[in-house]
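Here is the structure we will look at.
The values are calculated or read from the model by the stated rules, or taken from the named source; none is laboratory data. Every value quoted in this text rests on a predicted model; they were computed, and no experiment measured them. A quick note on method: Cβ atoms are made from the backbone with ideal geometry, for glycine too, and the neighbour counts reach across all protein chains shown. When the accessible area is computed, the model is the full protein with side chains, heavy atoms only, and any ligands, DNA or RNA have been set aside. Shrake-Rupley method; radii C 1.70, N 1.55, O 1.52, S 1.80 Å.
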Amino acid sequence: HPSARSSLTCPHCLKQSNTFDPFLCISLPIPLRQTRALNVTLVLQCERWRFVRVGLAVPLLGTVADLREMVAREGRVPAEQVILAEVSPRGLLRSLSDPEALRAAGEAAPVYAFQPPPARRAAPRFPHSAGCPRSLPTSPAVPRPEGPRLLPSAARSSDCLHRTPGGRILLLLCNTAGTGPQLARFGPPLVLREERGVSWEQLQQNILTQLRGVLRGEVRPQGTGALFRIRLAGGSAPCTYLSPQDPRPLCHPAIDRALQLCGAGGPPHVKLTVEWDTSTKERLFGSIQEEVVQDAESVRRQQQAHGQQHSCTLDECFQLYTKEEQVRAPRQA
């Protein structure tokens with residue numbers, strides 16, 4: 001009869017005991033899959049990589065730090081520059097921090113990987129992407145309509161705390177239109193690097209500059225008022241809106257709290273939702289919806305690899321059966 005040798009080594013004195021057990025049949029364990037397929041949309045500064053969805057085989061027991069490293073290798077950017085966030089059809093949900101378990105990433109909404117713009121850059125420019133038409137019909141200048149009335153709880157830095165503006169912060173934002181069940185995200189998500197002391201007018205103009213690739217025509221400032229509202233997104237606190245009447249809207253304490261709540265990994269940033277009135281959105285952007293994302297070949301490859309039934313060879317079962325393991329001694333009562 002065949003026999004199996006079982007070796008037991010004491011970790012303290014290193015004494016080894018060998019036993020031979022004859023057998024006629026043996027029960028082998030089946031190795032389980034160690035990875036799962038996860039699609040990540042890359043939104044990097046290089047135009048070649050804009051809005052490209054890639055498929056990754058992420059470890060089941062890994063952390064977001066593992067995903068950040070994989071995305072950095074895929075996009076050929078430093079890992080410390082990658083911002084990972086879940087973006088739903090209704091806007092930004094949450095950012096992912098390195099200590100989080102990877103098993104829940106992407107369950108609530110698709111995962112996006114953003115690369116911030118350079119620390120020093122001239123006038124920001126939004127390059128054409130797969131989701132942005134390269135030529136748009138030019139319509140006459142659109143008068144600036146009066147923006148929607150702000151909620152009474154609109155945030156003003158001067159009402160809460162006087163701060164000396166300084167430094168630059170990263171803003172991760174999505175544009176939405178509609179209310180209630182009709183609320184939907186449109187256009188590409190954006191990453192801006194802004195001065196803390198920027199005025200509402202300049203902030204609004206910088207956002208429009210980033211969106212000029214999808215605007216139907218030129219927007220000329222006429223009169224006063226805001227084209228949209230800006231709300232802090234992704235937090236559990238009550239809705240906080242920035243006020244157009246605030247001389248320095250990004251100096252509000254709520255911005256500081258959002259920066260402090262950023263988890264480990266990736267540059268600190270603030271998530272914002274730009275809320276447009278439906279009529280204003282239709283006038284300036286037409287029927288544009290979410291950005292069009294191109295799938296890399298890795299998406300199909302990972303779906304095919306993880307979609308089929310997991311199989312293994314008899315040799316892999318034997319390797320798992322004979323794998324060395326550490327046996328803990330029972331505690332003394």
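Compute the Rg/Rh shape ratio of region 259-318: radius of gyration over Kirkwood radius, all on alpha-carbon atoms. Kindly include the intermediate steps, with their values, before the conclusion.
Details: Rg = 22.4 Å, Rh = 17.6 Å.
Ratio of gyration radius to Kirkwood radius: 1.27.
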Quiz prompt | Heavy atoms of Phe285: accessible area, 1.4 Å probe, square angstrom to 10 | solution = 10 Å²
Exercise. Kindly write out, for region 182-199 in residue order, the coupling ³J(HN,Hα) from the Karplus curve 6.51 cos²θ - 1.76 cosθ + 1.60 (θ = phi - 60°), rounded to whole Hz, with x marking Gly and Pro.
Key: 7, 4, 8, 7, 9, x, x, x, 10, 10, 10, 10, 10, 6, 4, x, 5, 7
Self-check item: Ser279 accessible area, assembled protein chains, probe 1.4 Å, Å²
Solution: 70 Å²
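Using only alpha carbon positions, build the gyration tensor of region 1-110, then give the equivalent ellipsoid semi-axes as the square roots of 5 times its eigenvalues, largest first, whole angstrom.
Working: eigenvalues 422, 57, 37 Å².
Largest first, region 1-110 gives 46, 17, 14 Å.
Using a cut-off of 12 Å between beta-carbons, work out the net charge of the residues near Gly62 (Lys and Arg +1, Asp and Glu -1, Gly62 not included).
-1
If Leu259, Leu92 are ordered by their accessible area, calculated over protein heavy atoms with a 1.4 Å probe, which sequence runs from highest to lowest? Before the final figure, lay out the partial values.
Values: Leu259 40, Leu92 15 Å².
Greatest to least solvent exposure: Leu259, Leu92.
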Quiz prompt | Extension gain from Ala109 to Cys13, taking 0.36 nm per residue of separation minus the Cα-Cα distance | solution = 29.3 nm
Practice problem: Check the straight Cα-Cα distances from Lys323 and name the aspartates and glutamates below 19 Å, setting aside those fewer than 8 residues away within the same chain. | Solution: Asp21, Asp315
Self-check item: Counting DSSP beta bridges with both ends in region 166-307, the antiparallel % (nearest 5)
Solution: 65 percent
Self-check item: Residue-level accessible surface for Asp295, protein heavy atoms, 1.4 Å, Å²
Solution: 90 Å²
Quiz prompt | Amide hydrogen neighbours beyond the local backbone of Phe186, cut-off 5 Å, H modeled | solution = Asn175, Thr176, Ala177
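Provide Lys281, Lys15 ordered by accessible surface of protein heavy atoms (probe 1.4 Å), highest first. Display every interim value, and only then the final one.
Working: Lys281 15, Lys15 150 Å².
These residues rank, largest area first, as Lys15, Lys281.
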